[in-house]
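The values are calculated or read from the model by the stated rules, or taken from the named source; none is laboratory data. Because the structure is a prediction, the values reported are computed rather than measured. Positions of Cβ are backbone-derived with ideal geometry, glycine not excepted, and every protein chain shown enters the neighbour counts.
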Amino acid sequence: MEGLRERKKRQTREAIAKTALRLFAERGYDEVTVAEVAAAADVAVTTVFNYFKTKEDLFFGAFTPPTEILAARLRARPPEVSPVEVVREHLLEALDHMAERAAADCHARIRAALAMSQTLQVLAMHRFRARRLESLDEVAAALTAPPDAFAHLVAAQLLALVDGTMREAERRSRAGEAPAEVASAVRPAVERACNALSKGLEDFGSRSVH
């Protein structure tokens with residue numbers, strides 16, 4: 001259970017990251033200093049560096065990639081729950097919460113900040129590529145221990161399903177569809193894809209058979 005001290009630290013970190021993201025989206029990543037982020041968040045510069053080692057971390061600390069969340073959920077799944085069921089639940093929840101994310105405008109700010117800074121685009125490309133390789137290892141390890149070649153191939157399929165769903169939802173959002181419309185259109189595709197993958201994998205990853 002999260003204690004008072006841990007909760008305050010988390011809230012401070014989130015507030016700093018959100019402030020930084022807002023400034024990056026409004027003025028551009030290259031035009032904003034750490035000191036300006038600290039002032040806008042009403043904290044000392046040293047406090048910012050207590051939570052974020054670099055200015056780059058200020059941007060990437062504003063969100064958690066869906067693939068990182070997936071690895072944690074796979075590790076925590078009950079023995080009788082298959083990996084595909086975890087992915088299905090994860091994606092359907094994400095679609096259901098699209099309206100909340102749209103209201104928070106976090107993703108729009110991330111896109112805006114990236115569009116305004118070539119430096120940030122390069123950093124994001126390297127950061128996400130490295131994180132994707134780490135996610136593959138984490139998901140494979142969450143499927144079966146120790147992970148073998150098949151586990152790594154299945155992990156790649158699960159992550160591809162997450163990526164594909166997020167990209168399709170993003171494409172429809174950019175085309176002007178409302179969050180409820182996007183969720184309604186994408187949910188059947190997620191169900192169909194998960195059903196197909198589940199049939200192919202059969203009982204792989206179910207802890208009750210290992």
Find the residue count for region 17-43, including only residues that are buried (at least 21 other Cβ atoms within 10 Å of the Cβ) and among the small types (Gly, Ala, Ser).
3
Inside region 44-93, the number of residues satisfying the requirement of being of a type in the set (A, V, I, L, M), crowded, with 20+ Cβ neighbours inside 10 Å and at pLDDT below 85 is 3
Find the residue count for region 158-178, including only residues that are over 14 Å from the mean Cα position of the chain (by Cα), surrounded by fewer than 15 Cβ atoms within 10 Å (Cβ to Cβ) and assigned to a helix (DSSP H, G or I).
2
Checking the conditions here, which among Ala102, Ala156 is closer than 29 Å to Pro188 by Cα and either at pLDDT 85 or above or aromatic (Phe, Trp, Tyr) (or both)?
Ala156
